[in-house]
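Asks: Got a structure here, written out as structure tokens. Questions coming.
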Amino acid sequence: MTYQDTLTWMFSQLPMYQNQGKSAFKKDLSNTLKLAKHLNHPEQKFKSIHVAGTNGKGSTSHMLASILHEAGYKVGLYTSPHLKDFRERIKINGQPVSEQFVIDFIEENRTFFKSLGLSFFEMTVGMAFDYFSKEKVDIAVIEVGLGGRLDSTNIITPEVSVITNIGKDHTQFLGNTLKSIAFEKGGIIKPMVPVVIGETQRTTAEVFKALADKNDTTITFADKTPAAYYKSDLIGTYQLKNIKTVLATINQLINRGYRISQENIRAGLLNVIKNTGLLGRWQVLNKRPKTVCDTGHNREGLKQVIAQVLNEEFEVLHMVFGVVNDKDLNTIADILPKNAIYYFCKPNIPRGMDAHKLKAELEGYNLKGEVYNSVSEAYKTALNAAGDNDFVFVGGSTFVVAEII
């Protein structure tokens, strides 16, 4: 099979949350454990950092990988979803896994995958762990896909477990309360493995403390820990919280014998994009009119991004906006700016919400705009309509951003 044949098989034959949503969610780790055994337990052959959380886990993972890269380590990085190319999910020192490795891994294991009916995500986690093991990385930063306790990545015993924050997202899997969601994400907490929590939240702190006590380990709340100020090339104001989480995590690694200097931290945070290839986080696409895209998509993430949008100076705000069809618009509509022109669009995946439905629901919140046939058409129309002193924002979903970068 060619690389494209391989991807087509992976995407079409097996459940993939990115496309299908709830039907792709697995209720336990039994398949992942069978896969790990089949691959001779690659997850036991490299050190790791495990990163969960509702918002910021992607940026936090990339920052950690960049700092460790600057410190001279060979660093694996596993994240999801991808924006442009599947290989973004699996990198070493910023370089994506080769197309040939993807082809060979699927070809060699396809019969086993089919016999178990493995999900897209289970296969991809197996591929990442196998790659990191074979390439003998010094350490890998592993981002949780969804939740934590039952996530396919949760077969590692990391150096540090990191949970950035808790918000109401994916409630159909993780529960409807912050406490239930915290319990699911806190499932990555392991015996004797230090835990870093990014943001202290009254309703979730007790859940994490109880899980840490049960696992006989220490817990650090990054936002309550004094830390030096560092700049980053990830310029969203919301990144300040992620930087604090990263610094607390690096301190835990230093306590465990990793050699990471202040200069490594400074250079790592200033060169995240160069070192890791991260896309879609307050990414400036155009200067006149200023145009920015961001993958923030749940209430907490969008709230921070919209606050930054409204801090910008502009004459007219143009919002190119689309979501997935399991998005509860009632959870985000009140934070979207009313004094803006909306360009409603559907991301080009099966889970994309119909743009006419999106418009109809948001008009009830006095959000005005027109429907476009594609993200591309909405984006081009917004750019053409905007004056030099206007501001164009593109977002609402990771998959909207993926179509224009």
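The values are calculated or read from the model by the stated rules, or taken from the named source; none is laboratory data. Values in this document were obtained by computation on a predicted structure and should not be read as measured data. Note that each Cβ is placed from the backbone with ideal geometry, even for glycine, and that neighbours are counted across all protein chains shown. The accessibility values were calculated without ligands, DNA or RNA, using every heavy atom of the protein model including side chains. Shrake-Rupley method; radii C 1.70, N 1.55, O 1.52, S 1.80 Å.
Asks: Please report how far the C-alpha centroid of segment 228-297 lies from that of segment 72-96, rounded to the nearest whole angstrom.
Replies: So the two Cα centres are separated by 16 Å.
Asks: Please compute the contact order of segment 301-352 in relative form: average sequence separation of alpha-carbon pairs under 8 Å and at least six residues apart, divided by the residue count, as a percent.
Replies: On the way: 43 pairs, mean separation 24.5, N = 52.
It comes to 47 percent, rounded to a whole number.
Asks: Between residue 213 and residue 384, how high is the FRET efficiency from 1/(1 + (r/R0)^6) when r is the Cβ-Cβ distance and R₀ = 45 Å? Nearest 0.05. Can you show the working numbers first?
Replies: Details: r = 58 Å, r/R0 = 1.29.
Using R0 = 45 Å, I get an efficiency of 0.20.
Asks: At 1.4 Å probe size, with the rest of the protein present, what percent of the exposed accessible area of segment 43-132 is carbon and sulfur atoms? The partial results should precede the final answer.
Replies: Details: 1180 of 2760 Å².
About 43 percent, which is the carbon plus sulfur part of the accessible surface.
Asks: Can you tell me which of 47-56, 210-219, 150-159 comes out highest on packing, and rank the rest after it, using the mean Cβ neighbours within 10 Å? Working shown, then result.
Replies: Details: 47-56: 25.9, 210-219: 15.0, 150-159: 21.1.
Result, highest mean first: 47-56, 150-159, 210-219.
Asks: Given N residues in segment 163-264, what is Rg(Cα) / (2.2 N^0.38 Å)? Write down the numbers at each step before the final one.
Replies: Details: Rg = 14.6 Å, N = 102, 2.2 N^0.38 = 12.8 Å.
Ratio of Rg to 2.2 N^0.38 Å for segment 163-264: 1.14.
Asks: Show me the ranking of peptides 72-83, 334-345 by mean Cβ neighbours inside 10 Å, starting with the highest. Intermediate results must be reported in sequence, preceding the final value.
Replies: Working: 72-83: 21.2, 334-345: 19.2.
Taking the mean over residues of other Cβ atoms within 10 Å, the ranking is 72-83, 334-345.
Asks: Work out from phi, with θ = phi - 60° and the Karplus expression 6.51 cos²θ - 1.76 cosθ + 1.60, the ³J(HN,Hα) of each residue of segment 218-235, listed in order in whole Hz, and give x for Gly and Pro.
Replies: Per-residue couplings from phi come out as 8, 10, 10, 9, 4, 6, 9, 9, x, 8, 5, 8, 10, 8, 9, 7, 8, 9 Hz.
Asks: Among DSSP bridges having both ends in the chain, what percentage is antiparallel? Round to the nearest 5.
Replies: Working: 10 of 45 bridges.
Of those bridges, close to 20 percent are antiparallel.
Asks: Please list, in chain and number order, the residues 5+ apart from residue 324 or on another chain whose amide H is under 5 Å from its amide H, with Hs placed from the backbone.
Replies: Here 353 satisfy the definition.
Asks: Before I look further, what does segment 113-237 give for accessible area per residue, probe 1.4 Å, in whole square angstrom? Present the calculation step by step, with values, prior to reporting the outcome.
Replies: Details: 4870 Å² over 125 residues.
In whole numbers, segment 113-237 has 39 Å² accessible per residue.
Asks: Also: Heavy-atom accessible area per residue, segment 254-392, 1.4 Å probe: how many Å²?
Replies: Details: 6620 Å² over 139 residues.
So segment 254-392 comes to 48 Å² accessible per residue, rounded to a whole number.
Asks: Quick one: if you stick a label point 7 Å off each Cα along the C-beta vector at residue 1 and residue 261, how many nm between them?
Replies: About 4.6 nm separates the two model spin labels.
Asks: For the chain, give the magnitude of the charge dipole about the Cα centre (Cβ charges: +1 Lys/Arg, -1 Asp/Glu; no others), in debye to the nearest 20.
Replies: Details: 47 positive and 42 negative charges, 152 e Å.
Using only the charged Cβ atoms, the result is roughly 720 debye.
Asks: Also: State the Kirkwood hydrodynamic radius of the chain in Å, one decimal place, computed from all pairs of distinct Cα atoms.
Replies: Values: mean 1/r = 0.0461 Å⁻¹.
Computed over Cα pairs of the chain, the Kirkwood hydrodynamic radius comes out at 21.7 Å.
Asks: Using a 10 Å cut-off on Cβ atoms, rank the peptides 245-257, 349-361 from the highest mean neighbour count down.
Replies: 245-257, 349-361
Asks: Turning to a different aspect of this structure: Name the long-range amide H neighbours of residue 201: under 5 Å, sequence gap of 5 or more, or other chain; modelled H, no Pro or chain starts.
Replies: Sorted by chain and number, the residues that satisfy this come to none at all.
Asks: Straight distance only, please: which lysines reach the Cα of residue 45 with their own Cα at less than 23 Å, same-chain residues fewer than 8 apart left out?
Replies: Of all the lysines, those that pass the test against residue 45 - Cα under 23 Å, at least 8 places apart if same chain - are 34, 37, 74, 91, 134, 136, 190.
Asks: Could you tell me the calculated FRET efficiency between residue 224 and residue 333, based on Cβ-Cβ distance and R0 = 51 angstrom, to the nearest 0.05?
Replies: Details: r = 33 Å, r/R0 = 0.64.
The computed FRET efficiency comes out at 0.95.
Asks: Apply 1/(1 + (r/R0)^6) to the Cβ-Cβ distance of residue 40 and residue 360, taking R0 = 51 Å, and write down the FRET efficiency to the nearest 0.05. All intermediate terms of the calculation are to be shown ahead of the outcome.
Replies: Numbers: r = 53 Å, r/R0 = 1.04.
Between residue 40 and residue 360 the formula returns 0.45.
Asks: So, one more: Report the label-to-label distance for residue 325 and residue 104 in nanometres (one decimal), using points 7 Å from each Cα along the Cα→Cβ vector.
Replies: Simple spin-label model gives 4.0 nm for this pair.
Asks: Related question: Tell me the relative contact order for the chain as a rounded percent, counting alpha carbon contacts under 8 Å between residues six or more apart. The partial results should precede the final answer.
Replies: Details: 796 pairs, mean separation 68.1, N = 405.
So the answer I get is 17 percent.
Asks: Per DSSP helix of 4 or more residues, -39500 (n - 2.57); summed, then divided by the residues of the chain. What does that give at 222 nm, rounded to the nearest 500? Let's see the in-between values first.
Replies: Numbers: 16 runs with 165 residues, N = 405.
That calculation yields -12000 deg cm²/dmol at 222 nm.
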